[in-house]
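The values are calculated or read from the model by the stated rules, or taken from the named source; none is laboratory data. What you are looking at is a predicted structure, and each value in this text was computed from that prediction instead of being measured. All Cβ positions, glycine included, derive from the backbone under ideal geometry; neighbour counts span all protein chains shown. These area figures cover heavy atoms from the full protein model, side chains too; ligands, DNA and RNA do not enter into them. Shrake-Rupley method; radii C 1.70, N 1.55, O 1.52, S 1.80 Å.
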Amino acid sequence: MSQEQSFDMSPVEVPQEILDGLKIIPTATVYNAVRYFGVLVNVCEGLARFTPGGRFAARARTLRFLPIRPDLLAEVGKGEEAPEYRAMGRCGPGDVLVADLMGNTRDVVGGDVKLLQLAMNEADGVIIDGAIRDLDVIIDEDYKLTVYAKARSFHGNPETRAAEENVQIQCGGALVRPGDVMVGDGDGVLVVASWMAAAVLEWAIRHEGVENYIKEKINAEKVTPGKYYPPSAKMMDEWLRVKSERGE
């Protein structure tokens, strides 16, 4: 973790204004900010975006699948009390269901009927370390869900079952805890711990500001980017001074 800032690492409920701010910042900058604060494993590897749209940021509501076994099937809830329905019931505006299927691309978190609960709750999306089913229906019927997954599949769940919800999980090799922020774009999706989300946004805004200022200088002076990039502490100070003079 950076020497410049320490954190209370207790989970927090990230407000909508922080989510909205993270949607404005390029995801690559958010990635660098998270690494700056010491979390090096933050990318959900192997997941792709399967729906159109811009940048994405939403609070994680988690669901964990496990390999099928008779004793597990006897223990998990059924019908409305099944873990997947309880997990989706936690999702509303600003939330995304994040499902750990252990990377199994045969199994799915659900199809158009199950995921209708997310659409009715006006959740922001679903992120699946596994496969998505009935994607065409979800798009054609305008569920308004952002979908990240590893693959598409016709299968149901021949090998796994939803077993636990509202617990810490992994997604594409990254730790996801309930309430963490999932940030993504067309390149993929990453995790921002809830307790650092505000600091990540602040760092990212400053970094974007100085980078845009550097581009101004490069264009004005017709020099190579290497003269000013990557930004130094001196350049950051210059940018903050200019920003103040401009009243920004």
Can you confirm whether segment 222-231 contains a residue that is assigned to a loop (DSSP other than H, G, I, E, B), at pLDDT 95 or above and on the phi > 0 side of the Ramachandran plot?
-> yes
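Is it the case that some residue within segment 200-212 is more than 19 Å from Ile25 (Cβ to Cβ) and either crowded, with 18+ Cβ neighbours inside 10 Å or modelled with pLDDT of 95 or more (or both)? Please lay out each step first, then the result.
Start the filter on segment 200-212 by keeping residues that are more than 19 Å from Ile25 (Cβ to Cβ), which leaves none.
Among the residues of segment 200-212, not one is more than 19 Å from Ile25 (Cβ to Cβ) and either crowded, with 18+ Cβ neighbours inside 10 Å or modelled with pLDDT of 95 or more (or both), which makes the answer no.
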Which one of these does Ala74 not meet: (1) in contact (Cβ under 8 Å) with a residue 12 or more places away in the chain; (2) within 23 Å of Lys114 (Cβ to Cβ)?
-> (1)
Residues that are of a type in the set (Gly, Ala, Ser) and either at pLDDT 95 or above or open to solvent by 10 Å² or more (accessible area, probe 1.4 Å) (or both): find the helices (runs of 4 or more DSSP H) completely inside segment 1-104 holding 2 or more of those.
-> 27-36, 83-89
